[in-house]
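Enquirer: Supplied in structure tokens, the structure appears directly below.
Readers should treat all values here as calculations from the given coordinates under stated rules, not as data from a laboratory. What you see is a predicted model; the values in this text were computed from it and never measured. All Cβ positions, even for glycine, are placed from backbone atoms using ideal geometry, and neighbour counts span all protein chains on display.
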Amino acid sequence: MRAIDVMTPNVITVNPETSVQGLAMLLSERAISAAPVVDSSGRMLGIVSEGDLLHRAELGTERPDERRHSWWLEHFASGLARDYVKSHGRAVKDIMTRDVVTVVEETNLADVAMLLETNRIKRVPVMRDGKIVGIVSRSNLVRALGATMAAPTSGAVNDDRAIRARLLAELGQQQWAARVWAQDIIVSGGVVHLWFGSDEPEERRQAVRVAAENVPGVRGVEEHLLPIPLMPTI
């Protein structure tokens, strides 16, 4: 499998002038943990994630300004300055990570996994001709592993990609499928693997299954339930 086979397409992006509060609302409302930052031409400038919002002055969670011995001060000054910007910056451009690790659609998943591990990151944007076309996260790889069957032939790989693309296109036209995420759909060997939260309505699960069964070339559909953690009682 390659990045194109498991990536989440139609990535939600933000512009560099988006406010920090606007970003927080977007991540919360769209149930995502990060968003690439792009300019007006679609060129990627960086990426922002939940981690960039952890240490904020508004929450009282900014990093403490610890005083160090004077001979260390110069060495740590730039780091302290970066921490200040992260906790007090008002726009996405102030807090985003600028040096972003990326891959292309044909990058092997083994290489994607290595990049995630060695760089200690949770996701990589997928690029085509300088524009972002998808994103691969750790959860995408976990789902791919769960769907892995005997190694398919090259033709079968292309068939799986076509099946996934057709299914995503069909779901994209259905109002009831607004909260069915691409990362929860993996196709391997003609079998469509669907991941649902244990609280997913039965009607929506059935509708997604029927949509998958109607895609030409589908050999079968398998559903996987993910337990939803209980909210702690107060």
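Enquirer: For the pair Asn119/Ser41, report the inter-label distance in nm, with labels modelled 7 Å from Cα in the Cβ direction.
Expert: Reported label-point gap for Asn119 and Ser41 is 2.2 nm.
Enquirer: Using 1/(1 + (r/R0)^6) with R0 = 30 angstrom and r between the beta carbons of Asn158 and Ala207, what's the FRET efficiency to the nearest 0.05?
Expert: My answer for the efficiency is 0.65.
Enquirer: What FRET efficiency, computed as 1/(1 + (r/R0)^6) with R0 = 30 Å and r the Cβ-Cβ distance, is obtained for Ala165 and Leu226, rounded to the nearest 0.05?
Expert: According to the calculation, E is roughly 0.80.
Enquirer: If I stretch the segment between Asp111 and Asp199 completely, what's the gain in nm (0.36 nm per residue apart, minus their alpha carbon distance), one decimal?
Expert: Length gained between Asp111 and Asp199: 28.3 nm.
Enquirer: Using DSSP, restrict attention to beta bridges with both residues in the stretch 149-226 and report what percent are antiparallel, rounded to the nearest 5.
Expert: If I count the DSSP bridges inside the stretch 149-226, around 35 percent turn out antiparallel.
Enquirer: Can you give the convex hull volume of the alpha carbon atoms of the stretch 149-226 per residue, in Å³?
Expert: 82
Enquirer: So, one more: Please rank Glu29, Glu223, fewest neighbouring Cβ atoms within 10 Å first, as an exposure proxy.
Expert: Glu29, Glu223
Enquirer: With Cβ to Cβ distances under 15 Å as the rule, what net charge do the other residues near Val133 carry (K, R +1; D, E -1)?
Expert: +3
Enquirer: Then there is this: I need the calculated FRET efficiency for the pair Leu145 and Trp181, taking r as the beta carbon distance and R₀ as 22 Å, to the nearest 0.05.
Expert: The calculated FRET efficiency here is 0.80.
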